[in-house]
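The values are calculated or read from the model by the stated rules, or taken from the named source; none is laboratory data. Quantities reported herein were computed from a predicted structural model and do not represent experimental measurements. Glycine also receives a Cβ, built like all others from the backbone with ideal geometry; neighbour counts cover every protein chain displayed.
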């Protein structure tokens, strides 16, 4: 997966608890996280297209979650950023082995599934199921409920609110 998934999840985390029309701008998210503003804008375009975020235009505009944090899974974010294509792409190179007659491939190379592909798909299915169980609400509660202090949570929210009021 690309770094875009990481950028998206971190930045969505900061949006979870924004209230009272305190939209978060791409510029502020990029500055806060120390990432590329243009790359982050592309990621948020993808997130918006699938209904994870919605944008609000205007001077005090920015982004907010388009639905509840508990209804946005990690897998939703992965698919938004990476697309819905399988992560593993089987090119059937087993059929190109130099020892095979390319005009008369054996059934073991054409009719039965590639074992590597099967294992990779099973692994992806397990990952998809696991990431579908984790959502933004869970992430927020873990990060600000167990890992970081309440003060850091308040400082983070205030930082974004102050940036918005100074724009």
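Starting from residues that are outside any loop (DSSP other than H, G, I, E, B) and at pLDDT below 90, keep the ones in the stretch 75-101 and report whichever is nearest to residue 2 (Cα to Cα). It would help to see each step written out before you state the result.
Initial filter on the stretch 75-101 (outside any loop (DSSP other than H, G, I, E, B)): 75-82, 93-96.
Subset that is at pLDDT below 90: 93-96.
Details: 93: 25, 94: 27, 95: 30, 96: 30 Å.
Going through the qualifying residues, I end up with 93.
Determine which single condition residue 81 fails, assuming it passes every other condition in (1) closer than 21 Å to residue 28 by Cα; (2) free of Cβ contacts under 8 Å to residues at least 12 places away in the same chain; (3) within 13 Å of the chain's Cα centre (by Cα).
With respect to (1) closer than 21 Å to residue 28 by Cα; (2) free of Cβ contacts under 8 Å to residues at least 12 places away in the same chain; (3) within 13 Å of the chain's Cα centre (by Cα), residue 81 is out only on (2).
Can we say residue 122 is on the phi < 0 side of the Ramachandran plot, at pLDDT 90 or above, loosely packed, with under 12 Cβ neighbours inside 10 Å and not in a loop (DSSP other than H, G, I, E, B)?
Numbers: on the phi < 0 side of the Ramachandran plot: yes; at pLDDT 90 or above: yes; loosely packed, with under 12 Cβ neighbours inside 10 Å: yes; not in a loop (DSSP other than H, G, I, E, B): yes.
So residue 122 fits the description; yes.
Among the residues of the stretch 20-73, what is the count of those that are assigned to a loop (DSSP other than H, G, I, E, B), closer than 19 Å to residue 156 by Cα and free of Cβ contacts under 8 Å to residues at least 24 places away in the same chain? Outline the logic, then answer.
Residues of the stretch 20-73 assigned to a loop (DSSP other than H, G, I, E, B): 20-23, 25, 34-36, 50-52, 57-61, 66-68, 72.
Cutting the leftovers down to closer than 19 Å to residue 156 by Cα gives us 20-23, 25, 34-35, 60-61.
So of that shortlist, the ones also free of Cβ contacts under 8 Å to residues at least 24 places away in the same chain come out as 20, 34.
Total satisfying the criteria: 2.
Mind counting the residues in the stretch 17-51 that are over 15 Å from residue 163 (Cα atoms) and touching a strand residue (DSSP E or B) at 6+ places or on another chain (Cβ under 7 Å)?
Residues that pass the stated criteria total 3.
Counting only residues that are surrounded by fewer than 18 Cβ atoms within 10 Å (Cβ to Cβ) and either in contact with a helix residue (DSSP H, G or I) (Cβ under 8 Å, 6 or more places away or on another chain) or modelled with pLDDT of 95 or more (or both), how many does the stretch 17-30 have?
Step one: filter the stretch 17-30 for residues surrounded by fewer than 18 Cβ atoms within 10 Å (Cβ to Cβ), giving 17, 19-22, 27.
Narrowing further to those that are either in contact with a helix residue (DSSP H, G or I) (Cβ under 8 Å, 6 or more places away or on another chain) or modelled with pLDDT of 95 or more (or both): 17, 22, 27.
Going through the stretch 17-30 one residue at a time, the tally reaches 3.
Name the residue that is modelled with the highest pLDDT, counting only residues in the stretch 125-167 that are out of contact with any strand residue (DSSP E or B) (no Cβ under 6 Å at 6 or more places or on another chain) and not in a helix (DSSP H, G or I).
Residues of the stretch 125-167 out of contact with any strand residue (DSSP E or B) (no Cβ under 6 Å at 6 or more places or on another chain): 125-131, 133-134, 136-159, 161-167.
Keeping just the survivors that are not in a helix (DSSP H, G or I) gives 134, 148-149, 167.
Numbers: 134: 98, 148: 86, 149: 85, 167: 60.
The residue in question is 134.
Within the stretch 56-72, can you find the residues that are surrounded by fewer than 18 Cβ atoms within 10 Å (Cβ to Cβ) and under 15 Å from residue 138 (Cα atoms)?
Passing the criteria: 67, 68, 70, 71.
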